[in-house]
Amino acid sequence: MFLIKNDRRDIDVPHGADVLLHICTSWENAAGSWKFYVNGSLLQSGDDFLIDEVIPTNGIVILGQDQDDYGGGFEQDQSFLGQIYGVDSLGKMPRIFPTLLLFTLHLSLVTADNQCRTEVNIPGVTLKGFVIKKIPVTAPNKCDDKCLSEITCQSFNYNIKENICELNNRTKEARPEHLRANTSWFYVRRLIERVPLGSIPELPALSCQEVKASEGSDIISGKYWLDPNKNGKPFLFYCEMNREDPALNFQLTFDGKSVSDYAQFYMYSDFAPLTAFTVCLWMKPAPHSVGGCVFSYSQPFKQNEILICDHVEGFMFTIYGYSRNINLTRGGGELIHICASWEVTAGSCNFYMNGSLLKSDLDFATGHVIPCSGIFILGQELDEFGWSFEEKSFFGQMYGVNMWERLLTAEEIISIYKNCTLAVGNFLKWSDFILGLHGNVRVTSPVTCQP
């Protein structure tokens, strides 16, 4: 039985005892339309049910009893026996406080015409920074309709004083840090027919982590649309969702020698200065490349603290102006794995390629401490902090740049080389660079490295 102001509708719901049911009931006063759902299916509906009636809000809601008097007048044969869970209603809507006699275990009240398509509202909060449309409406159920008709709508904010509807392209799960307290608003997440974040180019995510936060831990690995630079140019990216950091499986392509193509990451001052490190990366220079710098780290108004450049006939490893040349012979267009390590006490340095030690030396920048608060650049030599590059740009593909604040052992470096998706640096990790792409650097995913 669905009763409002002594006007009732009877709904036949055959069910046995100890059966969990989910019920949604809705009503609106313009046409007197009402609907009754059981377990997500529309069971019964109609019109002309108390047209133009308004139900005041200064009353009392009772669960498990029929109020014959205000807040009381209960009769034992009308009391509910069983369990009730999740009784909710949307905002300050006079029409959604009917008296109900229930033989159910799970009750949820929502607005009209939405087939329970949004979750329970969260009163007193609003999601800031992701509004795609702001629309005046007459009631919250109209905001439901607007959200349902907008493919990128993930949730909405509703102003209960001004009847303003804000459609969002994110949920509170995706961006919980943007949820703000405001007593004039409530927030609702869309459930039914909601397009998963990152599943279409019109709704790209900022990162794999954002997709996982939005869609839950059970989301499967696969390709998702990302726009990490917020430039309106989304691309398909393979996210390995079973990883702690799912945004590792990508490679960067530098299509030509250009001072405008690079990737960057700023390191802030909340890290101790480096007295030892190991940096490893995969690279595949273009077949006829004449070399270029692949990795650099610099401080403001100082020369490069760390620099690794490819000279085709070998590599140059530099720390604060001190350089070591690593001579070798290799063919063009080969995929190679390099690691460079250094420590301050003895100035010891090691350079590995494809798991093999090519050079080991001592007294290399001994006693020099590498400060933080600098900038990492991939694909260029940074001649002035963050501003000027020379024609020493890298031409080819790069993947898996990671850095540790210690010397890796030879066994660890061999293990990284044999599994090109294994390593994650504890000081600098590959996914740090995805938000700092410049020029025509292309992202492709998943990784194609075959050590």
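Amide H contacts of L358: F351, Y352, M353, each under 5 Å away and 5 or more positions distant or on a separate chain (H built 1.01 Å from N in the peptide plane; Pro and chain starts excluded).
When the Cα atoms of region 121-189 are aligned to their principal axes, the ranges along those axes come out at 29, 27, 17 Å in descending order. Of the Cα atoms belonging to region 251-444, the radius of gyration and Dmax stand at 15.1, 42 Å. Each of H337, H178 was scored by other Cβ atoms within 10 Å of its Cβ. Arranged with the fewest first, they read H178, H337. Dipole size of region 121-189 about its Cα centre, with +1 on Lys/Arg Cβ and -1 on Asp/Glu Cβ: approximately 140 debye, rounded to the nearest 20. Note that region 233-359 shows a convex hull volume over its alpha carbon atoms of 171 Å³ per residue. In terms of distances greater than 30 angstrom between alpha carbons, the cross-link table entries K142/K223; K133/K230; K128/K257 yield K142/K223; K128/K257. Each of V195, V294 has some number of other Cβ atoms within 10 Å of its Cβ, and from fewest to most they run V195, V294. Each pair of Cα atoms in region 202-307 enters the Kirkwood radius, and Stokes-Einstein at 10 °C and 1.306 mPa s then converts it into a translational diffusion coefficient of 93 µm²/s.
Look at T366, T444, T171, T329 and count the other Cβ atoms within 10 Å of each Cβ; fewest to most, that gives T329, T366, T444, T171. Between the alpha-carbon centers of region 148-168 and region 297-368, tell me the distance in whole angstrom. Answer, in whole Å: 55. Looking at region 196-261, none of the chymotrypsin sites (Phe, Trp or Tyr not before Pro) sits in a DSSP loop with at most 12 other Cβ atoms within 10 Å of its own Cβ.
Hey, if you put +1 on the Cβ of every Lys and Arg and -1 on every Asp and Glu Cβ in region 251-444, which of N325, L378, Y417 ends up farthest toward the positive end of that dipole? It is Y417, whose Cα lies furthest towards the positive end.
Bear in mind that the values in this text are calculations on the coordinates, not laboratory data. Note that the coordinates shown come from a computational prediction; the quantities given were computed from them, not determined experimentally. Cβ coordinates were reconstructed from backbone atoms using ideal geometry, including for glycine residues, and neighbour counts include every protein chain displayed.
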